[in-house]
1. Ignoring everything except DSSP H segments at least 4 long, calculate the 222 nm mean residue ellipticity for chain B; use -39,500 (n - 2.57) per segment, divide by total residues, nearest 500.
2. Quick one: grab Rg to one decimal and Dmax as a whole number for chain B, Cα atoms only, in Å.
3. Can you list residues whose amide H is under 5 Å from B:Ala79's amide H, if they're 5+ apart or on another chain and H is modeled 1.01 Å from N?
4. List, in order, the whole-Hz ³J(HN,Hα) value for each residue of the stretch A:206-216 obtained from phi through the Karplus relation with A = 6.51, B = -1.76, C = 1.60 and θ = phi - 60°; use x for Gly and Pro.
5. For B:Asp102 and B:Thr54, what is the calculated FRET efficiency with R₀ set at 25 Å and r taken between the beta-carbons, to the nearest 0.05?
6. May I ask you to evaluate 6.51 cos²θ - 1.76 cosθ + 1.60, the Karplus curve with θ = phi - 60°, for each residue of the stretch B:69-86 and list the ³J(HN,Hα) values in order in whole Hz, giving x for glycine and proline?
7. Between B:Ser52, B:Ser108, B:Ser122, find the one with the highest GNM mean-square fluctuation for chain B; connect C-alpha pairs within less than 10 Å.
8. Under the Karplus relation 6.51 cos²θ - 1.76 cosθ + 1.60, θ = phi - 60°, what is the ordered set of whole-Hz ³J(HN,Hα) values for the stretch B:20-35, x standing for Gly and Pro?
Amino acid sequence: MLMTMEMWWLGFTIDPLRLVLLVIFCLPLLVLLSRRVGFEATRGWWEDVVDALFALGISMVTSTVCLVAFGAIGPGMSAREIAGKIAIQVVPASIGALLARSQLGSDGPDEGKRQESYGGEMFLMAVGALFLGFNVAPTEEMIVISHRMTPWHAAALVVLSLMVMHGFIFAVGFRGGTELTPQTPWWSAFIRFTLPGYVIAMAMSLYVLWTFGRLDDAAFEQVIATTIVLGFPSSAGAAAARLIL
Amino acid sequence: MNASRKRRDVSASHGKRFEWAVGAVAFVIVVVLLGYLLGLGTASGRQPPHFSITAGDVVRVGTGYQMQVVVTNEGDETAADVTLRAVLHRDAGEEARELRFDFVPQRSTRRGTLIFEQDPGSRAAVRLSVSSYVEP
C-alpha cells in the first residue's frame with residue numbers, strides 16, 4: 001500500500017471530505033475489531049477505544065516514516081498533499097496493526113472457545129472485505145478490467161465470486177465457531193452466510209470506490225461493473241476473514 | 001429451569017429466522033443484479049462509442065484563457081485514449097490544442113480544460129472534435 005503509486009496520487013486527488021468520512025468510519029470499526037482481536041484481552045469498551053486510537057497513532061507514525069523514506073513526501077509539497085497521503089494510508093495500516101496480533105501473536109488460552117454470533121460473523125466479513133478491497137481498489141487495473149468486460153463477463157464473475165466465497169466459508173466454517181457442521185446442507189449455509197456476505201462485500205466495494213472517486217461521472221452500468229470487479233477480491237477477503245481473525 | 005430452556009429455544013429460533021430473512025434479502029439482491037446484467041447482455045443494438053462535446057465558459061486565469069470542456073460518450077462501449085482536438089480561429093492566427101482522456105466509459109462523462117493564449121471571445125470561435133480513440 002505504502003509502495004503503491006496510485007495511493008500517493010489518491011492522497012491529493014481524493015475529495016478531502018470523503019477522506020475525513022473514511023477516517024471517521026474507520027474509528028468505530030477499529031473499536032469493534034479491537035473488541036474481537038485487539039492487542040490484549042480488554043475488560044471494557046473504554047480500553048477498546050484506547051486500543052483503537054493507539055492502532056491509529058501507530059499506523060500514522062509508521063506511514064509517515066515510510067513515506068518520507070520512499071521520498072513520497074518531502075519538502076516542496078503542500079500541507080494538504082502530505083496530510084492526504086498519510087491519512088489515506090492510515091485506514092489499512094491501522095486495521096493491519098490490529099490484525100497483526102492475531103496473525104503474529106501467540107494464541108491466548110481462550111482462543112478457539114469464542115463463539116461468534118451471526119452479527120459478529122457479518123462484521124468480520126465486512127472488515128475482511130474492506131481490508132482486501134482497500135488494497136486493490138486504488139489500482140488502475142480495477143478500472144481497466146471493468147472497461148473490458150461485457151455484461152456476460154460481469155455475470156460470470158458474480159457467479160465465480162459466489163463459488164469462491166462459498167468454498168472458503170464451507171471449508172473454514174468447520175473449524176469451529178458457528179453452528180456450521182458437515183451436516184448443514186450446502187444451500188442452507190449458502191443462503192444464510194455466502195449470499196449476505198457477498199452483498200456486504202459488494203457494499204464495501206461500492207463504498208471504497210466512491211471514497212476513491214472512482215465512480216464520479218460514471219454511468220450506472222459502469223458503477224455496477226466496477227463494483228463487481230472489486231467485489232471479487234473483497235468477497236474472498238470477507239470469506240477468508242474468519243481464517244485470519 | 002424448563003422455562004429458561006424454552007426461552008432459549010425460542011430466541012434461537014428467532015435468530016435462525018433472522019438469518020434466513022437476511023439471506024432472503026441478499027438472495028433477491030443477487031438475483032436482481034444477475035437479471036440486470038443478463039438483460040444488458042441480451043439487449044441488442046449496442047452502439048460503438050460516439051461523443052458529444054460541450055464547452056464551458058472562458059475564464060481568464062493568469063496570462064491564459066481557460067475553457068472547460070465536457071466529453072460524453074454516448075455509445076455503449078468504453079473508449080480509451082480519446083483525443084480531443086480544439087482549434088481557435090483568431091485574426092492573429094490559429095491556436096491548436098489537444099486533450100487526451102485515458103478512458104471515457106460508456107454513457108459517462110469526463111472533464112478537461114483547454115488553455116489558450118488569446119481570448120477566444122465566445123465558445124463559438126473554438127472548433128472542437130474528437131479525432132480518435134482506441135478500444136481498451
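What follows draws every value from the coordinates through simple rules; no lab data is involved. No experiment lies behind these values; they were computed from the predicted model shown. As a convention, Cβ positions derive from the backbone with ideal geometry for all residues, glycine included, and neighbour counts pool all protein chains shown.
1. Values: 1 runs with 41 residues, N = 136.
After summing the helix terms and dividing by residue count, I get -11000 deg cm²/dmol.
2. Values for chain B (Cα only, Rg and Dmax): 27.7, 98 Å.
3. Result for B:Ala79 returns B:Val104, B:Gln106.
4. Once θ is set to phi - 60°, the couplings for the stretch A:206-216 become 4, 5, 5, 5, 5, 4, 7, x, 6, 9, 5 Hz.
5. On the way: r = 20 Å, r/R0 = 0.80.
Step by step, r from the Cβ atoms, then E = 0.80.
6. Karplus values, whole Hz, x for Gly and Pro: 10, 10, 9, 10, 8, 8, x, 9, 10, 6, 10, 10, 6, 6, 9, 10, 9, 10.
7. B:Ser122
8. Values, residue by residue: 5, 5, 4, x, 5, 4, 4, 4, 4, 4, 5, 5, 4, 4, 5, x Hz.
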